[in-house]
Amino acid sequence: MDISTVAAHWEANAEAWTRHSRAGYDVYRDALNTPAFLAMLPPIAGLDGLDIGCGEGSNTRQLAGLGARMTAVDIAPTFVRHARESEAADPRGIDYHVGDGMALPFADASFDFATAFMSLMDMPDQPAVLGEARRVLRPGGFLQFSILHPCFVPPRRRNIRDATGEPVAVEVADYFETIDGKVESWWFSSLPAAERAKVEPFHVPRFHRTLSQWVEMVVGAGLVIEAFGEPRASVDAAAAEPIIADTRIAPIFLHIRARKPG
């Protein structure tokens, strides 16, 4: 699948995605994934950062709230429009751009760090975006990104629950199957049925790679892996938000931090 088709899918998703995520329906993000990502992040106050695949800017704004001078890029103009509107309403010094993560519109060595929240897995040429991230990083800078966990969210995954509805196991299959743009359709799992009736599901092109392929791509881009994270809901978090309870059985997300030598 080429980048223009990927871009068209994300532009079509962007309006409903923004509305639903801002309404609190992206529970995995808000209750688990983003807090764990930020907890793993090194100190960034006073640093120049780039958020690759920023969407409507929610996570970028949290990075700015930690004291970073943020620039952000996304391929969907509607996402960028919503992000800029939030910036205008509550300025945090963020500069948003429409652009392709596989051909970043920034000069070499422009940033101290880069982030990519759940975006690299949706790009058709992952070695290219990793190489671009390395290019725009200053020596000693780092890239931290999150993706669906390749081992536990391969092309086929099913939660297994007991008679009370509690998750007890995860069934996975097709781990070694390379997926290059298969379009998956879904809503946020917490979206009420009445709201689902009003909108089309998201159509998301998927580009699955194995864990070893991700490691090979990161290392091949000239980055040195220094940290992995596999967010797991606490007992209290799972009780408060039962949707994320399955992450106590096996992780859904993988976080990787890798550094440019310098």
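The values are calculated or read from the model by the stated rules, or taken from the named source; none is laboratory data. Not measured: the values here are computed from a predicted model. Cβ: placed from backbone, ideal geometry, glycine included. Neighbour counts: every protein chain shown.
Of note:
- Taken over the stretch 67-101, the criterion of being in contact with a Pro (Cβ under 8 Å, 6 or more places away or on another chain) and part of a loop (DSSP other than H, G, I, E, B) is satisfied by Gly99 alone.
- Checked against (1) surrounded by fewer than 21 Cβ atoms within 10 Å (Cβ to Cβ); (2) in a loop (DSSP other than H, G, I, E, B); (3) in contact (Cβ under 8 Å) with a residue 40 or more places away in the chain, Asp112 passes all but a single condition, namely (2).
- Counting only strands (runs of 3 or more DSSP E) that fall entirely inside the stretch 188-262 and contain at least 3 residues that are surrounded by fewer than 18 Cβ atoms within 10 Å (Cβ to Cβ) and either touching a helix residue (DSSP H, G or I) at 6+ places or on another chain (Cβ under 7 Å) or free of Cβ contacts under 8 Å to residues at least 40 places away in the same chain (or both), the qualifying elements are 224-229.
- Check on Ala68, over 17 Å from Ile256 (Cα atoms), touching an Asp or Glu at 6+ places or on another chain (Cβ under 7 Å) and surrounded by 21 or more Cβ atoms within 10 Å (Cβ to Cβ): no
- Among the residues making up the stretch 37-51, those that are within 30 Å of Ala238 (Cβ to Cβ) and surrounded by 18 or more Cβ atoms within 10 Å (Cβ to Cβ) are Phe37, Leu41, Ile44, Asp51.
- Taking the stretch 54-103 as the range and being basic (Lys, Arg), within 24 Å of Ile3 (Cβ to Cβ) and either at pLDDT below 95 or under 15 Å from the mean Cα position of the chain (by Cα) (or both) as the test, no residue passes.
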